[in-house]
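Peer 1: Here it is, the structure, as structure tokens.
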Amino acid sequence: MSSQGLNSLATIIKRLEAATSRLEDLAVVQSGGALSFPEATAARPASTIISQRPTSPPPQAKAGSIASEAAPDAVPASIVAYDERIINGKLSVFLEQTKGLGQAKLEEQAKLVASLFQKTRSVLLCATACMKPSDTDFATLMGPIHATFNAVTKIKDESRSNREWSLHFQTISDGAGCVGWVQAPSSPAEAVKEQKEAAEFYANRVISTYKEKDKKHVDWARSYIALIEELRKYVLEYHKMGLIWNPKGGKATDFSLESAGGAPGKSSAPPPPPPPPPPPPVIETTPPPASSGGAALTGTAAVFAQLNQGMDITKGLRKVEKSEMTHKNPSLRVSGTVPARSPSPSPTSKQPPKPKKPVSLQAKKPPKKELQGGKWIVEHYENDKEIVLDDVSISQVVALYGCKNCVVQVKGKINGVTMTNCQKTSIVIDSTISVISITNCQSFQLQILGTAPTIQIETTDFGQVFLSGTCLGAEIITAKCSAINISIPTGSEGDFSEKPVPEMLRTVIQDGKLVSSIVEHSG
């Protein structure tokens, strides 16, 4: 016989052995087999014990039957795969890489992650032997996992000040939530993928920081991402539509996580590779438990319980009655408030901001012109063409605000001038020793009879600036402005030449720097 024929025969034998092992497991479960619970097996750990019910002896199999006898200590194929690929595979590699870094706190956090995967294995083992529990019972079953996850997060929060290792702690913390896939109502592999992407954000920063310094950190980050990726592949293969429970099993409340969650043995010979899993059963959604029964859930358990409700989460909303609708009750619009039928369920929730009234509907404020300390306040004047400030000094400033269609004249030398939120307002100034600032004004006019070192115009449209012959050295700064013109005196007869302030700039890159110039139009 040729070597090719021998290889084909060996392959067929391996496949037959795998199929035999799978059929034996199915025969045990379907014939009433269940995991032994602590009270029934006090003298022996119940991590991998499968026994027949004592009331119904196993059926006698025919000679030559594939499932003639089921091994009493057989472990479901999904658990075997979890042990090989996760516990004894990628998780073991990650723990070794963490130990090699020599950081005690990081090693403690990694051990908590290992505990998360061990406790997840216990939940998987419970699912193979028990019927699907209620949401409350399942939240209780997940209590140890939630507590361990909170411990992982606590270490991350306590180590924020450790800049050298903060990225490592953050990487582990962001990826530890991947074990929450057992509570995903559908597509749990996507939930694992999201946690992997969250961990990759910080893992990539670890890799980029240490790729030229220490390869151990790079291998550590990649081993953790490989662990989460292997979990995603496992979930996609064995629990594609969600965690599969045993419809003929016992109660999950009678199952002990601690007795069933021991670490898988490493001394036994590895079993043959498992065949593809059977098609998943139809997942039945159970309504959320009533709030009056049982203890109220808190923390992470309450969050998962709310997420598991699916579309039922909107059942708690009440329907608005016609008597409370403003578009059907004009009287409610007059009062501005809708009477509440019952106290608000969430008094701490934020209320939407109250919209501001349009400027045209706001009450007009009385005009004011007064000296406050060293500042002249001129505000809220309308249609007044004769506002004069003649008792000013060099240490004072003038502030115009909210004036409309006015003319203000400042006689004497002052320190500075500001004009804000004014419309169609003109101001005539003798001289200033500092800046003249114009902000958010429309259609203003500014005339300087003496000198001013700086004129600053911001967020303004349509403005005219008249300069005197002694003010031609002024510096004019504009930002977010349009239609600003500067009038320069020409000759001795009071004529002015109007020059527009450029609005369009052209920017190019030269020697790694941005160089801007004015765009000029010709023709």
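Bear in mind these aren't lab numbers, they're just calculated from the coordinates by the rules spelled out. Owing to the predicted nature of the structure, the values given are computational and were not obtained by experimental measurement. Neighbour counts are summed over all protein chains in view; Cβ atoms, including those assigned to glycine, are modelled from backbone coordinates with ideal geometry.
Peer 1: Mind checking which lysines have their C-alpha under 18 Å from LYS215, skipping anything on the same chain fewer than 8 residues away?
Peer 2: Reachable lysines: LYS99.
Peer 1: Just order 82-91, 393-402, 504-513 by mean Cβ neighbour count inside 10 Å, highest at the front, would you?
Peer 2: On the way: 82-91: 19.5, 393-402: 16.5, 504-513: 7.6.
By packing density, highest mean first, the sequence is 82-91, 393-402, 504-513.
Peer 1: So for segment 146-265, Kirkwood radius off the Cα pairs, Stokes-Einstein at 4 °C and 1.567 mPa s: how many µm² s⁻¹? Kindly include the intermediate steps, with their values, before the conclusion.
Peer 2: Values: Rh = 16.2 Å.
The diffusion coefficient I find is 80 µm²/s.
Peer 1: Starting from the Cα of ARG506, step 7 Å along the direction of its Cβ; do the same at ILE377; then give the gap between the two resulting points in nm.
Peer 2: With each label point 7 Å from Cα toward Cβ, the separation is 5.0 nm.
Peer 1: Let me ask you something else. What's the magnitude of the charge dipole for segment 95-150 around its Cα centre, counting Lys and Arg as +1 and Asp and Glu as -1 at the beta-carbon? Answer in Debye, nearest 20. Present the calculation step by step, with values, prior to reporting the outcome.
Peer 2: Values: 6 positive and 5 negative charges, 19 e Å.
It works out to roughly 100 debye.
Peer 1: Using a Förster radius of 60 Å, what is the FRET efficiency between GLN456 and ALA147 based on their Cβ-Cβ separation? Nearest 0.05, please.
Peer 2: Numbers: r = 61 Å, r/R0 = 1.02.
For R0 = 60 Å, the calculated efficiency reads 0.50.
Peer 1: In this model, which of LYS365/LYS404; LYS193/LYS216; LYS193/LYS240; LYS111/LYS193; LYS196/LYS233 are farther than 19 Å apart at the alpha-carbon? Could the numbers behind the result be given before it?
Peer 2: Working: LYS365/LYS404 12 Å; LYS193/LYS216 25 Å; LYS193/LYS240 13 Å; LYS111/LYS193 22 Å; LYS196/LYS233 12 Å.
Check vs 19 Å cut-off fails for LYS193/LYS216; LYS111/LYS193.
Peer 1: What's the ranking of 181-193, 314-326 by average number of surrounding C-beta atoms within 10 Å, highest first?
Peer 2: On the way: 181-193: 19.1, 314-326: 9.6.
Ranked from most to least packed, the peptides come out as 181-193, 314-326.
Peer 1: Could you tell me which of the pairs LYS105/LYS211; LYS369/LYS413; LYS132/LYS319; LYS154/LYS248 are separated by over 29 angstrom between their Cα atoms in the structure shown? The partial results should precede the final answer.
Peer 2: On the way: LYS105/LYS211 22 Å; LYS369/LYS413 19 Å; LYS132/LYS319 33 Å; LYS154/LYS248 40 Å.
Over 29 Å Cα-Cα: LYS132/LYS319; LYS154/LYS248.
Peer 1: Peptides 101-113, 215-227, 467-479: what's the order by average Cβ count within 10 Å, highest mean first? Intermediate values should be presented prior to the final figure.
Peer 2: Numbers: 101-113: 17.2, 215-227: 19.8, 467-479: 14.4.
Result, highest mean first: 215-227, 101-113, 467-479.
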